[in-house]
Amino acid sequence: MDASVDRRSLLRLAATGAVIAGAGGLAGCMSGGRDGNGGDGGGGGNGGNGGDSTVNTSPTAGGTPGSAFAMPSEARSEGGRLQVELVAAAAQLPWGNGTRYALTYNGGVPGPTLRVRPGDTLAVTLRNDLDAPTNLHTHGLHVSPIGSSDNVFVMVEPGDSHAYEYVIPADHPSGTFWYHPHHHGTVAAQLSGGLCGVIVVEDELDDDPSLATTSERVFVLSDPAVGADASVLDVSAMQQMQGREGDVVLVNGQLRPSITATTGTTERWRIVNASASRYYRLSVSLDTMHLVASDHGRLAKPQAVDALDLAPGQRAEVLVRLDQPGDVVLRTAVVDRMGMGMGGGMGGGMGGGMGGGQSTGSTLDLLTLDVGGTFKAAPALPVALRTIEPIETLTVDHTREITLGAMGMGNGAFTIDGKAFAEDRVDTTAAIDTVEDWTITNASMMDHPFHLHVWPFRVVERSSSTRPDPGWRDTVNVPAGQSVTIRVAFRDFAGTAVYHCHILDHEDLGMMGVIEVQ
């Protein structure tokens, strides 16, 4: 057994029923290669610490704390089309006085930000220079799941390329979306290695002065394992069961970067949780942030929040008004997501919490704004953002029960409705142009963020009686021992897609189902 797995971790996994025959003889069940094959299961290496959520952010861990914040490179559509090439390849990235090993798109982590508008066509040629198969998922985009669109059943072999083409509906909401690999069995390693990037859909709302005059920034939150070679992708069987967490928490690949700003301005942050397993509870050293968008676009109006909870895969857009000079720090509480059946501690919904994992009481600083000038009131926030269809107007045609569970260690360790993922099996069939209510019950002892591809949903109810999450979503946290009811509108697109836990080791170990909309 890996010496990095402590007694507390073992007790937790025993409580989930995962440790049945002893981890030492089961590590081989998790075998794989490098460049995203899931690790050899035998050694923890720098592969993270699972549910304990300890992070080393000291300068000796690498990186250069306090360096100037940098945005990812960008590509913007012209004339209704954006055509780009993404090359997935291993690379050595600058890290302190040396380098660190990473998996990159076009040589960087994160990859380029892709900016499009409703009605555009996004054409992406993915070239695979890894040593393992890969593919591409446009997380959150409401586009077709078949053919060369958001088809996660496509496999791109090493040395091959694949041409994707995503036709974005003319009524697609503006918002922050993202892309990452989705080849089953390699997803956690490839994402934690660095393969991700942001997709921004912009519309006329973004041209409104109340938003256009803000200082817009993209924050991609990740927590890689830091090391000199591909062994950073290796994790033990125990760490896969818990969900890997890395050595450091980075913003756009930087360790605690610094931003220079001035009073009388408003910051607009597009935040993506691109970690394979880590939860974030974000706050700023001011009274409040103002939430203006969730996963699938803008809210009806800004909401003042003291804290913002992001499960893996989730996004948010916030406005931060800068009136006073001084330092403003964005930080996260360290979240223990191993629920152990003790109930939630945070309420429900963004700003009120995910209804799940407990804060350990410790925090991590993620970045600092150095705000210069004298007191100057920032511009007023927008009063209204957009009209959101009331959830009550969605007539429910069918109800469904979904159960998330754990069986034991091995490739079928995590299940949905008692079954581990099988690509050739359709688990759920729905009719196009219908609305369904899904009650998702988490029968395990750890939180699971539930993600549905292609079709966004609204959160209707939580068993904890906390308020539902605002706005349209594509990912919702389901706390250990609790249930969440979502309302899904199967509009616009027929085809076959998937739903799964977005703790990506859990997806790789079986917690995924296939849905066919006809």
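Would you please name the residue that is least open to solvent (accessible area, probe 1.4 Å), looking only at residues in region 219-239 that are over 21 Å from the mean Cα position of the chain (by Cα) and of a type in the set (S, T, N, Q)?
Just the residues of region 219-239 that are over 21 Å from the mean Cα position of the chain (by Cα), to begin with: 227-231, 236-238.
Right, trim to of a type in the set (S, T, N, Q) and you get 231, 236.
On the way: S231: 46, S236: 5 Å².
Only one residue fits best here, namely S236.
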Point to revise | Hits in region 250-295 (condition: open to solvent by 10 Å² or more (accessible area, probe 1.4 Å), part of a loop (DSSP other than H, G, I, E, B) and either of a type in the set (A, V, I, L, M, F, W, C) or under 19 Å from A384 (Cα atoms) (or both)) | key: L286, T288
Check your understanding: Can you spot a residue in region 102-123 that is within 19 Å of A225 (Cβ to Cβ) and among the β-branched types (V, I, T)?
Key -> yes
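Here is a list: V109, V200. Which entry is of a type in the set (V, I, T) and in contact with a Lys or Arg (Cβ under 7 Å, 6 or more places away or on another chain)? Walk me through it before giving the result.
Working: V109 fails: in contact with a Lys or Arg (Cβ under 7 Å, 6 or more places away or on another chain).
Testing whether each residue is of a type in the set (V, I, T) and in contact with a Lys or Arg (Cβ under 7 Å, 6 or more places away or on another chain) leaves just V200.
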**Study point:** Odd one out for W95 among (1) of a type outside the set (S, T, Y); (2) in contact with a Pro (Cβ under 7 Å, 6 or more places away or on another chain); (3) surrounded by 20 or more Cβ atoms within 10 Å (Cβ to Cβ)
**Key:** (2)
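Considering only residues of region 126-142 that are in contact with a helix residue (DSSP H, G or I) (Cβ under 8 Å, 6 or more places away or on another chain) and assigned to a loop (DSSP other than H, G, I, E, B), which is surrounded by the most Cβ atoms within 10 Å (Cβ to Cβ)?
Here is the first cut: in region 126-142, the ones in contact with a helix residue (DSSP H, G or I) (Cβ under 8 Å, 6 or more places away or on another chain) are 130, 132, 134.
This time we only want the ones that are assigned to a loop (DSSP other than H, G, I, E, B), so: 130, 132.
Numbers: L130: 25, A132: 23.
Filtering region 126-142 for residues that are in contact with a helix residue (DSSP H, G or I) (Cβ under 8 Å, 6 or more places away or on another chain) and assigned to a loop (DSSP other than H, G, I, E, B), the one surrounded by the most Cβ atoms within 10 Å (Cβ to Cβ) comes out as L130.
Could you look through region 150-176, keep only residues that are open to solvent by 40 Å² or more (accessible area, probe 1.4 Å) and among the aliphatic types (A, V, I, L, M), and pick out the one that is farthest from S77 (Cα to Cα)?
So the first thing to find is which residues in region 150-176 are open to solvent by 40 Å² or more (accessible area, probe 1.4 Å), and the list is 153, 155, 157-163, 165, 167, 170-171.
When the remaining residues are screened for being among the aliphatic types (A, V, I, L, M), the result is 155, 163, 167, 170.
On the way: M155: 26, A163: 17, V167: 13, A170: 14 Å.
Filtering region 150-176 for residues that are open to solvent by 40 Å² or more (accessible area, probe 1.4 Å) and among the aliphatic types (A, V, I, L, M), the one farthest from S77 (Cα to Cα) comes out as M155.
From A377, A420, A430, which residue is buried (at least 16 other Cβ atoms within 10 Å of the Cβ), touching an Asp or Glu at 6+ places or on another chain (Cβ under 9 Å) and of a type in the set (G, A, S)? Explain how you work it out, then say what you get.
Values: A377 fails: buried (at least 16 other Cβ atoms within 10 Å of the Cβ); A420 fails: touching an Asp or Glu at 6+ places or on another chain (Cβ under 9 Å).
Among A377, A420, A430, only A430 is buried (at least 16 other Cβ atoms within 10 Å of the Cβ), touching an Asp or Glu at 6+ places or on another chain (Cβ under 9 Å) and of a type in the set (G, A, S).
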Point to revise | Near pairs, Cβ below 6 angstrom, 6+ apart or cross-chain, from region 446-471 (within 23 Å of G243 (Cβ to Cβ) and touching a residue at least 24 places away in the same chain (Cβ under 8 Å)) to any residue that is among the aromatic types (F, W, Y) and crowded, with 20+ Cβ neighbours inside 10 Å | key: L452/Y499
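Against the condition aliphatic (A, V, I, L, M), out of contact with any Phe, Trp or Tyr (no Cβ under 9 Å at 6 or more places or on another chain) and at pLDDT below 95, how does V55 come out, does it pass? Step through it out loud before you land on a result.
Working: aliphatic (A, V, I, L, M): yes; out of contact with any Phe, Trp or Tyr (no Cβ under 9 Å at 6 or more places or on another chain): yes; at pLDDT below 95: yes.
It is true that V55 is aliphatic (A, V, I, L, M), out of contact with any Phe, Trp or Tyr (no Cβ under 9 Å at 6 or more places or on another chain) and at pLDDT below 95.
If you take just the strands (runs of 3 or more DSSP E) that sit entirely in region 151-203, which of them hold at least 1 residues that are free of Cβ contacts under 8 Å to residues at least 40 places away in the same chain? If you could, list the steps in order and put the result at the bottom.
Numbers: elements: 161-167, 175-180, 197-201.
In region 151-203, the matching strands (runs of 3 or more DSSP E) lie at 161-167.
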Practice item. Return only the number of the condition from (1) modelled with pLDDT of 95 or more; (2) open to solvent by less than 60 Å² (accessible area, probe 1.4 Å); (3) of a type outside the set (A, V, I, L, M, F, W, C) that G412 does not satisfy. Key: (1)
Review point. Does E401 satisfy the condition of being closer than 16 Å to V488 by Cβ and either without any contact (Cβ under 8 Å) to a residue 12 or more places away in the chain or surrounded by fewer than 16 Cβ atoms within 10 Å (Cβ to Cβ) (or both)?
Key: yes
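To keep it simple, each residue is scored yes or no on (1) among the basic types (K, R); (2) farther than 24 Å from F177 by Cα; (3) assigned to a strand (DSSP E or B); (4) open to solvent by less than 30 Å² (accessible area, probe 1.4 Å).
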position	(1), (2), (3), (4)
M445	no, yes, no, no
P449	no, no, yes, yes
P470	no, no, no, yes
N477	no, no, yes, yes
D492	no, no, no, no
Check your understanding: Given T439, T496, which one is surrounded by fewer than 24 Cβ atoms within 10 Å (Cβ to Cβ), of a type in the set (S, T, N, Q), under 24 Å from P169 (Cα atoms) and out of contact with any helix residue (DSSP H, G or I) (no Cβ under 9 Å at 6 or more places or on another chain)?
Key -> T496
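Answer yes or no: is there a residue in region 177-185 that is touching a helix residue (DSSP H, G or I) at 6+ places or on another chain (Cβ under 7 Å), open to solvent by 10 Å² or more (accessible area, probe 1.4 Å) and within 26 Å of G510 (Cα to Cα).
Filtering region 177-185 down to residues touching a helix residue (DSSP H, G or I) at 6+ places or on another chain (Cβ under 7 Å) leaves 180-181, 184-185.
Restricting the remaining residues to those that are open to solvent by 10 Å² or more (accessible area, probe 1.4 Å) gives 184-185.
Retained after the next criterion (residues that are within 26 Å of G510 (Cα to Cα)): 184-185.
Scanning region 177-185 turns up at least one residue that is touching a helix residue (DSSP H, G or I) at 6+ places or on another chain (Cβ under 7 Å), open to solvent by 10 Å² or more (accessible area, probe 1.4 Å) and within 26 Å of G510 (Cα to Cα).
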Revision key, fill the gap. Listed by first then second residue, the pairs whose first member lies in region 98-121 and is open to solvent by 30 Å² or more (accessible area, probe 1.4 Å), whose partner is among the acidic types (D, E) and not in a strand (DSSP E or B), with beta carbons under 8 Å and at least 6 positions apart or on separate chains, are R117/E202; R117/D203; P118/D171; P118/D203
Review point. Looking only at residues in region 82-117 that are modelled with pLDDT under 95 and in a loop (DSSP other than H, G, I, E, B), which one is farthest from the chain's Cα centre (by Cα)?
Key: N97
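Rundown of residues vs (1) among the aromatic types (F, W, Y); (2) farther than 30 Å from I388 by Cβ, yes/no style:
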{"site": "T176", "(1), (2)": "no, no"}
{"site": "H180", "(1), (2)": "no, no"}
{"site": "I199", "(1), (2)": "no, no"}
{"site": "D203", "(1), (2)": "no, no"}
{"site": "D207", "(1), (2)": "no, no"}
{"site": "L211", "(1), (2)": "no, no"}
{"site": "F219", "(1), (2)": "yes, no"}
{"site": "G227", "(1), (2)": "no, yes"}
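Counting only residues that are small (G, A, S) and in contact (Cβ under 8 Å) with a residue 60 or more places away in the chain, which one in region 472-518 is nearest to L394 (Cα to Cα)?
Going residue by residue through region 472-518, those that are small (G, A, S) are 480-481, 483, 489, 494-495, 497, 510, 513.
Now restrict to residues that are in contact (Cβ under 8 Å) with a residue 60 or more places away in the chain: 480-481, 489, 494-495, 497, 510, 513.
Details: A480: 28, G481: 28, A489: 8, A494: 19, G495: 22, A497: 22, G510: 32, G513: 25 Å.
Out of the qualifying residues, it is A489.
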Study note, to complete from the structure: Conditions (1) more than 25 Å from A304 (Cα to Cα); (2) part of a strand (DSSP E or B); (3) open to solvent by 10 Å² or more (accessible area, probe 1.4 Å) -> R425 fails only (2)
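The values are calculated or read from the model by the stated rules, or taken from the named source; none is laboratory data. Computed from a prediction, not measured in an experiment: that's the story for all the values here. Virtual Cβ from ideal backbone geometry, glycine too; neighbours counted across all protein chains shown. All accessible areas refer to the heavy atoms of the entire protein, side chains included, with ligands and DNA or RNA removed. Shrake-Rupley method; radii C 1.70, N 1.55, O 1.52, S 1.80 Å.
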